[in-house]
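All remarks here apply to the structure that follows.
The values are calculated or read from the model by the stated rules, or taken from the named source; none is laboratory data. Predicted model only: the values in this text are computed from it and were never measured. Neighbour counts are summed over all protein chains in view; Cβ atoms, including those assigned to glycine, are modelled from backbone coordinates with ideal geometry.
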């Protein structure tokens with residue numbers, strides 16, 4: 001009669017996932033690896049994934065330090081709760097990954113860094129046309145109720161990406177990351193843990209290329225000069241011609257490769273979700289430089305008219321990277 005194998009002698013590596021300030025798309029993207037999620041469950045002991053399993057923060061706190069082998073942390077750090085979990089998961093994890101654009105660079109939540117916490121709260125609780133709040137009630141970090149004290153996280157002045165708060169081994173770009181890239185990352189970590197394969201150098205951007213999205217684009221670039229920027233609904237583009245050559249604002253020249261050119265291959269301009277290409281730390285200025293090279297005018301008034309076709313410059317140039325932009329954030333004046 002064979003002896004029962006003692007699983008404590010060879011425990012599964014532990015996996016944790018956490019959702020901070022984001023839309024949750026990265027959580028759903030993990031499921032897009034489809035049947036491979038079964039392989040993940042076979043290899044890893046998933047100890048923390050609030051969106052999918054019943055695990056509490058106290059369960060993580062009870063774990064030994066560095067006992068979590070891999071943590072995929074998605075979302076920016078917007079609140080005191082996000083900060084607390086970032087520090088806790090850093091303490092408990094051997095490999096901490098900034099998973100997706102929000103954790104890597106701030107993404108859409110970080111566009112609020114262009115204004116102040118007060119202005120944000122005023123809009124949500126007072127000024128918005130959809131708000132009905134005649135008593136101007138605002139959320140408090142602690143509120144006494146008949147059944148006890150209700151506590152809410154503190155809302156921060158600005159959104160920070162994960163590596164601006166704690167030390168991070170790797171990042172995975174994308175809004176959300178592509179399923180095949182997610183599996184490649186998990187497979188690489190499995191190889192490190194099970195087969196002793198060498199780990200990538202710290203700071204590596206996993207699941208991405210080392211060129212620009214234009215290198216993956218099937219359209220022909222002729223570097224034509226343009227007299228107008230079009231929004232996608234204003235023009236039916238030539239399916240074979242570069243979108244930027246046709247006046248459609250495309251972030252491909254300022255975006256890292258690795259997504260496979262999914263958007264541009266179907267005639268949709270690149271949004272920039274894979275972040276800046278290597279050696280281009282600021283995606284916004286990289287894109288501005290690319291656009292300046294295609295504007296067909298030296299007349300300041302005409303150039304201004306052409307640029308007026310860019311409806312939302314900040315939201316276009318820094319849609320995914322505001323947390324790391326040299327622009328920083330709005331600074332409040334000190335009271336006199």
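When 207, 191, 203 are checked against the criterion of being loosely packed, with under 13 Cβ neighbours inside 10 Å and not assigned by TED's automatic domain parsing to the domain that holds residue 301, a single residue qualifies: 203. Within the stretch 210-226, the residues that satisfy the criterion of being modelled with pLDDT of 90 or more, in a loop (DSSP other than H, G, I, E, B) and surrounded by 13 or more Cβ atoms within 10 Å (Cβ to Cβ) are 211, 217, 219.
Taking the condition surrounded by 14 or more Cβ atoms within 10 Å (Cβ to Cβ), modelled with pLDDT under 90 and more than 27 Å from residue 276 (Cα to Cα), does residue 37 pass? Against the criterion (surrounded by 14 or more Cβ atoms within 10 Å (Cβ to Cβ), modelled with pLDDT under 90 and more than 27 Å from residue 276 (Cα to Cα)), residue 37 qualifies.
Need a quick list: strands (runs of 3 or more DSSP E) entirely within the stretch 65-179 having at least 2 residues that are farther than 28 Å from residue 44 by Cα and either in contact (Cβ under 8 Å) with a residue 40 or more places away in the chain or over 24 Å from the mean Cα position of the chain (by Cα) (or both). Walk me through it before giving the result.
Numbers: elements: 68-74, 77-79, 93-99, 142-145, 148-151, 155-160, 170-172.
So the answer is 77-79, 142-145, 148-151, 155-160.
Right, residue 199: assigned to a loop (DSSP other than H, G, I, E, B) and under 30 Å from residue 275 (Cβ atoms) or not? Break it down into steps so the answer makes sense when it comes.
On the way: assigned to a loop (DSSP other than H, G, I, E, B): yes; under 30 Å from residue 275 (Cβ atoms): yes.
Considered against the rule, which asks whether it is assigned to a loop (DSSP other than H, G, I, E, B) and under 30 Å from residue 275 (Cβ atoms), residue 199 comes out as yes.
Among the residues of the stretch 165-183, at least one is modelled with pLDDT of 95 or more and surrounded by fewer than 13 Cβ atoms within 10 Å (Cβ to Cβ). The single condition among (1) assigned by TED's automatic domain parsing to the domain that holds residue 319; (2) surrounded by fewer than 17 Cβ atoms within 10 Å (Cβ to Cβ) that residue 150 does not meet is (1). Among the residues of the stretch 26-43, the ones that are in contact with a helix residue (DSSP H, G or I) (Cβ under 9 Å, 6 or more places away or on another chain) and touching a residue at least 40 places away in the same chain (Cβ under 8 Å) come to 9 in all. The single residue among 281, 253 that is touching a residue at least 40 places away in the same chain (Cβ under 8 Å), part of a helix (DSSP H, G or I) and closer than 21 Å to residue 315 by Cβ turns out to be 253. Screening residue 310 on (1) surrounded by fewer than 17 Cβ atoms within 10 Å (Cβ to Cβ); (2) in a helix (DSSP H, G or I); (3) at pLDDT 90 or above shows it passes everything except condition (2).
Taking the stretch 265-286 as the range and being closer than 16 Å to residue 215 by Cα, out of contact with any strand residue (DSSP E or B) (no Cβ under 7 Å at 6 or more places or on another chain) and buried (at least 24 other Cβ atoms within 10 Å of the Cβ) as the test, the residues that pass are 270, 272, 273. Would you confirm, using the coordinates I've provided, whether residue 51 is in a helix (DSSP H, G or I), in contact with a strand residue (DSSP E or B) (Cβ under 7 Å, 6 or more places away or on another chain) and farther than 18 Å from residue 193 by Cβ? No: the conditions fail for residue 51.
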